[in-house]
Every structure is written in C-alpha cells, then in structure tokens.
Amino acid sequence: MDYAPVNLWPKGTPQGEYSQLVLGPYDYYAIQYGYGYVGAATPTQELPTLQRWASRWADPNYRFASDEDAQFATGHSVDPRVMQFVLSSKPLEWCGVQTQMLHGVLDAVAKRFPAPGQSYEEARRAFTIPLTSYLRCATMPAHTIGGEYLSRANRGDPGAQLPFTSVSRYDEWYAMQLLDKRLFSDAAWSFSPDVLRRLTYNEASAFADGAWVYNPSPRHDVAVVQIANAAQESALSEMFAPLRLQRIDELGFKYGAGTTMTLADLFAWTRDGIFGDIASGAVAKAGPVRRNLQTSFAKRLADLWTAPRPGTPPDAQALARLQLGYLQRDSSAALRRPNLDELTRGHLGALATIASQALNARRTIANQ
C-alpha cells in the first residue's frame with residue numbers, strides 16, 4: 001500500500017483536496033485483477049486474461065512497486081520515484097516546493113501557538129508535526145543519487161521499456177543542490193528564536209494500569225541541531241552505502257559517458273556542498289549544524305579510506321583518500337587566515353587532524 005501525506009500547497013497556488021477521498025485507477029485495477037470475472041473453466045484457462053490485465057504496468061495509472069523497492073537505507077532500492085509519503089511522480093520538484101513551504105510554516109509557529117490559556121506543548125506539537133514532513137523531503141533527494149528507473153513490465157507489453165533506464169546526470173546534480181540547500185546548510189535549520197523558545201513539553205503525567213508513565217524527554221526543548229545532524233547522517237549513509245557506491249561505479253557500463261553521474265561526481269559534489277565554505281574562507285560564519293556535519297563527514301571519509309565496509313569498491317576508497325588530501329590542504333590554509341575566533345580555529349584544526357591521521361594511518365593487509 002501507499003502512504004499518502006496531506007496534500008498541502010503554498011498560499012497563492014491552486015489547492016486541491018487535502019486527502020484522497022475516492023478510489024483511484026490502480027485501486028480498481030487491483031480489484032479487477034483479484035476479483036474480476038474471467039469466465040474460464042480451469043485456472044490454466046484464466047492465464048491469458050490475467051496476463052493481459054497484468055501487461056498494463058507501463059501505464060502510469062497502473063504501475064506498482066514492492067515494499068522492498070522503497071527501502072533505500074542499504075542501497076538496494078534504485079528507483080527514486082518509489083517512495084512513501086510523496087504525492088508526485090516528480091519527487092525532486094514536489095519536495096523542493098514542500099520544503100520551502102514547510103520551513104515557512106515552522107518559522108511562523110509563534111504567530112498562532114499556543115492559544116491563550118493553553119500549554120506551550122501546543123506550540124511544540126505545531127512545530128514537530130510539520131518538521132517530520134520537512135525531514136522526509138529534505139532527505140528525499142538522496143534517493144536520486146546513483147538511481148535508476150526500474151520497469152517491471154514484460155517484454156512485449158504495451159509501452160514496455162527495458163528494466164533499467166538511467167536517471168540523468170542533471171537530475172542527480174539537481175538532487176545534490178536540494179540537499180545542499182534544504183539539508184546541509186545552516187539556513188535550512190535557522191528558525192525564529194521566538195519559536196524555539198516556546199517548544200517545551202507539558203509536565204503533566206498520569207497513571208496507566210497502575211504504572212507511572214511519566215518519561216520526560218532528556219531535554220526540555222526541541223534539539224534542532226541533533227535532529228538536523230541525524231537527518232544529514234541518514235542521507236549520507238544512504239549515498240555512501242557500499243551497494244550504491246558499487247552501482248554508481250558501474251553505471252558507465254550501461255549508459256553513455258556523461259549521461260549519468262560517476263563516483264568522482266559524488267565525491268566532488270559532496271565536498272563542494274559540505275566543505276566548500278572552508279576553501280572559500282566563509283567557514284567562520286558556520287554554526288553548530290554545519291560544523292557537526294563537516295566533522296562527521298570528515299570521519300566518514302577517513303573510515304572509507306582506512307576501514308571501508310565490505311563491498312565498498314576500491315574506486316571509492318581512492319576517492320576518499322583524495323578528498324582527505326583536499327581537506328587537509330584547505331583546512332590548513334584556512335587556519336592561516338587572520339581574525340579567526342577560537343571555535344573556528346579549533347574546528348579547522350580538528351578537521352586537519354582527522355584528515356592527517358587517516359592519511360598517515362598504518363594498517364597490515366593480510367594475504368588473500
């Protein structure tokens with residue numbers, strides 16, 4: 001089954017129904033296949049009709065995918081169109097609109113919540129519910145990186161394509177731009193202080209079945225920085241999963257040069273998005289979200305070089321080493337800039353040290 005979110009659009013744009021109210025074409029299609037009258041005397045005689053019905057997969061109204069095709073974390077899933085909580089066959093464009101709208105909603109919570117006489121937990125709920133939707137769309141572009149469009153049609157079905165079709169290099173580049181803007185940047189997690197100061201929980205508790213159920217959050221506020229970094233780590237873990245790295249490394253065997261991304265693109269685009277402000281001299285303006293992201297990605301590169309996960313292609317290891325060299329060079333150069341505050345200087349020194357230690361690591365490689 002699909003999982004459909006609320007159909008919400010920004011002010012000034014056409015707004016349809018907020019939720020699905022009637023059955024759609026695929027619902028009737030599935031019902032027909034499961035319960036439609038065939039008029040055959042034996043199960044074998046049913047097959048031609050059932051195969052004819054099933055041959056309509058290429059029609060966008062009747063496409064389907066399995067639950068496994070929506071599990072992106074391990075790198076197994078390939079088709080970026082197969083995703084829960086998305087209301088479009090063009091998820092990049094849809095989520096681009098949604099994240100911009102939802103950021104505005106989150107930043108305006110203080111205008112309406114809480115209502116007079118109500119607990120500030122009302123404001124917390126008004127913030128965390130749309131934040132969940134924002135997180136889904138902010139991390140969604142990672143599914144496009146190294147993706148391929150998958151067809152379940154049989155050969156000879158009407159409109160059938162080959163099982164694999166490339167996601168264009170432009171779409172993959174555009175996905176990375178969305179990640180940079182809506183997930184990796186400090187601006188993506190910058191909200192009104194008046195909003196953030198309202199987001200506490202209610203101290204009220206109750207008994208249930210004789211057990212004390214009060215189990216407060218470790219923090220009284222909403223840990224925006226930690227939430228941001230967890231979402232960033234989730235996206236990066238998907239993008240750099242061994243299976244995905246293998247697939248990106250081998251896309252050139254299936255498609256023409258330059259039509260889809262390469263491993264060099266993946267590492268270069270990610271470096272520019274995460275470490276670009278170090279080389280440009282803007283790192284002093286970075287906040288904790290950005291600094292935490294840079295530190296965690298530096299450690300990820302170090303692990304890719306010194307302790308890669310099983311299945312990581314050698315090309316990815318080599319590129320991780322190259323990126324560590326760039327990081328050591330750029331961080332060391334940035335440290336020589338004048339008027340750096342202590343936190344920025346400490347951060348740059350830590351990044352340079354992570355890169356240096358990984359590059360100078362010694363490891364015994366057993367004979368195979």
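Values in this text are rule-based calculations from the coordinates and carry no lab data. On a predicted model such as this, the values are computed, not experimentally measured, just so you know. Positions of Cβ are generated from backbone atoms using ideal geometry, with glycine treated the same way; all protein chains shown enter the neighbour counts.
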In debye to the nearest 20, the charge dipole size for the chain, taken about the Cα centre with +1 at each Lys and Arg Cβ and -1 at each Asp and Glu Cβ, equals 960
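For Thr74 and Arg152, what does the FRET efficiency come to when R0 = 22 Å and r is the distance between their Cβ atoms, rounded to the nearest 0.05? Don't jump to the answer; show the numbers that get you there.
Values: r = 20 Å, r/R0 = 0.92.
With a Förster radius of 22 Å, E is 0.60.
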With the charge dipole of segment 1-222 built from beta-carbon charges (+1 for Lys and Arg, -1 for Asp and Glu) about the Cα centre, the Cα from Ala110, Leu131, Gly146 projecting farthest to the positive end belongs to Ala110
Going fewest to most other Cβ atoms within 10 Å around each Cβ, Phe275, Phe253 line up as Phe253, Phe275
The residues Phe64, Phe127, Phe85, Phe191, sorted from fewest to most surrounding Cβ atoms within 10 Å, come out as Phe64, Phe85, Phe191, Phe127
Long-range alpha-carbon pairs in segment 262-368, meaning those over 25 Å apart, account in percent for 21
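Please work out the FRET efficiency for the pair Thr295 and Ala41, using the Cβ-Cβ distance as r and a Förster radius of 56 Å; give the result to the nearest 0.05. Intermediate values should be presented prior to the final figure.
Values: r = 70 Å, r/R0 = 1.24.
For Thr295 and Ala41, the calculated efficiency is 0.20.
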Per the charge dipole of segment 1-222 (beta-carbon charges, Lys/Arg positive, Asp/Glu negative, Cα centre), the residue among Tyr26, Pro14, Ala41 reaching farthest to the positive end is Pro14
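Over 27 Å between C-alpha atoms is what I'm after, so list which of Lys181/Lys299; Lys11/Lys111; Lys11/Lys90; Lys181/Lys254; Lys181/Lys285 land there.
On the way: Lys181/Lys299 22 Å; Lys11/Lys111 17 Å; Lys11/Lys90 21 Å; Lys181/Lys254 31 Å; Lys181/Lys285 16 Å.
Correct reply: Lys181/Lys254.
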Taking a ≥ b ≥ c as the square roots of the eigenvalues of the Cα gyration tensor, with a/c under 1.5 meaning rounded and otherwise prolate when a/b exceeds b/c and oblate if not, the chain is oblate
